[in-house]
Amino acid sequence: MMRIAIIGTGNVAWQFANAFREKHNVEFIYGRNAKKAEQLAQSVEAAFSTSFNQIPRDLDLYLIAISDDQIESVAGQIPEVSGIVAHTSGSVDLTVIPHEKSGVFYPLQTLSKEKVVDWKKVPLCVESQHAESLKALTELGSDLSKNVQQIDSQQRRAIHLAAVFACNFSNHMMANAQELLRESELDFSILKPLIEETVEKALEVGPDNAQTGPAIRGDEKTLEKHQNLLENHARLLEIYNLVSQSIQDTRHE
């Protein structure tokens, strides 16, 4: 059983704090915002503080779950501790943590406080140059997930970039679709079966084999009709043309 401190109070911090407490002791929460730190601490029955000086020195894991651009600064402010200091980012290098027992514990999943996570299905990418720390992070990951992989920083950056395309960009495309439907007084739910089938087919046969639509067919008349419909939507027209061209370019590769 590990004794754990969570550094952060956002979505990732909330999810990990509540997931860990089933088999481990989450003993301390650090947050810049006292109210948010207290709320998370109460949910897992932990102590909390807004001061780095109050962080206990003798815990097993100090998990930094904050925005990527703050990790290096925060890691440098954590005092000398006996346990592992790890972050949860997909794009930040292991070496930004100036502690001997540094590590990475990256969940390859989009997380929010409100949605229950099935951790058994979530890939967890772990990394450390310290053998005992790597073993401990791998074992901790195995308590949550059936898919724990030892991934180095270069591989993790590639995974994170791919995830942005697969997750963040695809969600943005759905938001654009929702905007267009609203203008015609239509509900986004009409696209749900199509979205589900698209994802299912991409996972089954591979996205390169699952591509359909006017761009891959070279249907110039339909492309032109769509462009005309978007003549008053400069941003969406630019996206439409760029993505259509990208699809056509891959067709000829």
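The values are calculated or read from the model by the stated rules, or taken from the named source; none is laboratory data. These numbers were taken from a predicted model, which means no experiment stands behind them. Here Cβ is always computed from backbone atoms with ideal geometry, including for glycine, and neighbour counts include all displayed protein chains.
Look at the stretch 229-251: where a residue is farther than 19 Å from R217 by Cα and a partner is among the aromatic types (F, W, Y) and surrounded by 11 or more Cβ atoms within 10 Å (Cβ to Cβ), sitting 6+ places away or on another chain with Cβ atoms under 8 Å, you get L230/Y240. Just a yes or no: is a residue in the stretch 48-58 within 28 Å of V164 (Cα to Cα) and out of contact with any helix residue (DSSP H, G or I) (no Cβ under 9 Å at 6 or more places or on another chain)? Scanning the stretch 48-58, I find no residue that is within 28 Å of V164 (Cα to Cα) and out of contact with any helix residue (DSSP H, G or I) (no Cβ under 9 Å at 6 or more places or on another chain), so the answer is no. For G31, the criteria (1) over 23 Å from A136 (Cβ atoms); (2) surrounded by fewer than 19 Cβ atoms within 10 Å (Cβ to Cβ); (3) in contact with a helix residue (DSSP H, G or I) (Cβ under 7 Å, 6 or more places away or on another chain) hold in every case but one, which is (2). Among the residues of the stretch 150-167, is there at least one that is touching a residue at least 24 places away in the same chain (Cβ under 8 Å), touching a Ser or Thr at 6+ places or on another chain (Cβ under 9 Å), surrounded by fewer than 12 Cβ atoms within 10 Å (Cβ to Cβ) and part of a helix (DSSP H, G or I)? Looking for residues that are touching a residue at least 24 places away in the same chain (Cβ under 8 Å), touching a Ser or Thr at 6+ places or on another chain (Cβ under 9 Å), surrounded by fewer than 12 Cβ atoms within 10 Å (Cβ to Cβ) and part of a helix (DSSP H, G or I), one finds none in the stretch 150-167, hence no. Exactly one residue among K201, K225 is part of a helix (DSSP H, G or I), farther than 23 Å from P123 by Cβ and among the basic types (K, R), and that residue is K225. Taking the stretch 35-130 and the strands (runs of 3 or more DSSP E) fully enclosed by it, the elements with 2 or more residues that are surrounded by fewer than 22 Cβ atoms within 10 Å (Cβ to Cβ) are at 47-49.
Looking only at the stretch 207-247, which residues are of a type in the set (S, T, N, Q) and either under 18 Å from L180 (Cα atoms) or outside the structural domain of L194 (by TED's automatic domain parsing) (or both)? T222, Q227, N228, N232, N241, S244 - these are the residues of the stretch 207-247 that are of a type in the set (S, T, N, Q) and either under 18 Å from L180 (Cα atoms) or outside the structural domain of L194 (by TED's automatic domain parsing) (or both). Return yes when N176 is over 20 Å from R3 (Cα atoms), at pLDDT 95 or above, surrounded by 13 or more Cβ atoms within 10 Å (Cβ to Cβ) and not aliphatic (A, V, I, L, M) and no when it is not. Yes. If the condition is being in contact with a Pro (Cβ under 7 Å, 6 or more places away or on another chain) and either among the charged types (D, E, K, R) or within 10 Å of N147 (Cα to Cα) (or both), then the stretch 101-127 contributes V122, L124.
Of all residues in the stretch 120-144, none that is on the phi > 0 side of the Ramachandran plot and modelled with pLDDT of 95 or more has its Cβ atom under 8 Å from the Cβ atom of a residue that is part of a helix (DSSP H, G or I) and aromatic (F, W, Y), 6 or more apart or on another chain.
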